[in-house]
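Engineer: Attaching a single structure in structure tokens format; questions to follow.
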Amino acid sequence: MRSEELISRLARDLRPVRRLPGPLALTAAWVALAACVVGTAVLLMGPREDLMAHLAAPDRALPLLAAVATGLLAGFSAFQLALPDRDGRWGLLPLPAVLLWLTGMGWGCLADLARIGPAALQLGASFACFGFITALGLPLTAGIAFMARHAAALRPGPVVALGGLSAAALASVGLSCVHHLDAALMVLAWHGVAVLCVTAVAWNCGPWLLRRLGAAAPRL
């Protein structure tokens, strides 16, 4: 068989390959999905009555803005890392927003301490916070993994972990819009624990989840 004929036979049944959307387009679609899910949860539970006053306070607004930035940057970072030719340092992209988020909550703790004294340091239980963030964060993590499933085979753990961080951060913003938890130390503790749990579960389950979604996701 001549080479030309072999090439012709091999190419006869080929189908065109559709190019995957870029990280920016995927991030925009992901943020739209997360906003719909979190926004629906907020509407169903009912926004807190003092939401506008809550957002107007600098020590409350800064952590919320930083959480939004964390969600956006972590999502974008996940889609960047999903591409095999991208530098692994993309995973550090959300770090400044995370630090700003923690700083904002720390500032809130100091403001509470100055306003109400040692009572601000009392740490109680708020399983509702944990439940809200995990109940929204875990399904949204599966959603971002599904969106990245065709390209995330080389770094499944980091990709899905960043997706989990993005999902949990945006869920935390939604929780702040409905839950009357103003003690900054409580917010730092319970929001932080929930975000860490979602991210840790995402990291450990990333390879399995991507395999289940149809991607070749070896454990590296």
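Engineer: For the peptides 89-97, 77-85, what is the packing order when you average, over each peptide's residues, the other Cβ atoms within 10 Å and list the highest mean first?
Structural biologist: 77-85, 89-97
Engineer: Would you give the gap between the C-alpha center of the range 191-213 and the C-alpha center of the range 33-95, rounded to a whole Å?
Structural biologist: Between the Cα centres of the range 191-213 and the range 33-95 lies a distance of 17 Å.
Engineer: Return the Cα extents of the range 57-176 along principal axes one, two and three, sorted largest first, each rounded to a whole Å.
Structural biologist: 52, 26, 19
Engineer: Gain in length, A128 to A200, computed as 0.36 nm per residue apart minus the alpha-carbon separation, to one decimal in nm?
Structural biologist: 24.0 nm
Engineer: Another question about this same structure. For H150 and R211 in one chain, what is 0.36 nm times their gap in residues minus the Cα-Cα distance, to one decimal in nm?
Structural biologist: Working it through step by step, the gained length comes to 20.9 nm.
Engineer: H180 to A135: FRET efficiency via 1/(1 + (r/R0)^6), r the Cβ-Cβ distance, R0 22 Å, to the nearest 0.05?
Structural biologist: 0.75
No lab work stands behind these numbers, since they all come straight from the coordinates. If you're wondering where the values come from, they're calculated on a predicted model, not measured in any experiment. Cβ coordinates were reconstructed from backbone atoms using ideal geometry, including for glycine residues, and neighbour counts include every protein chain displayed.
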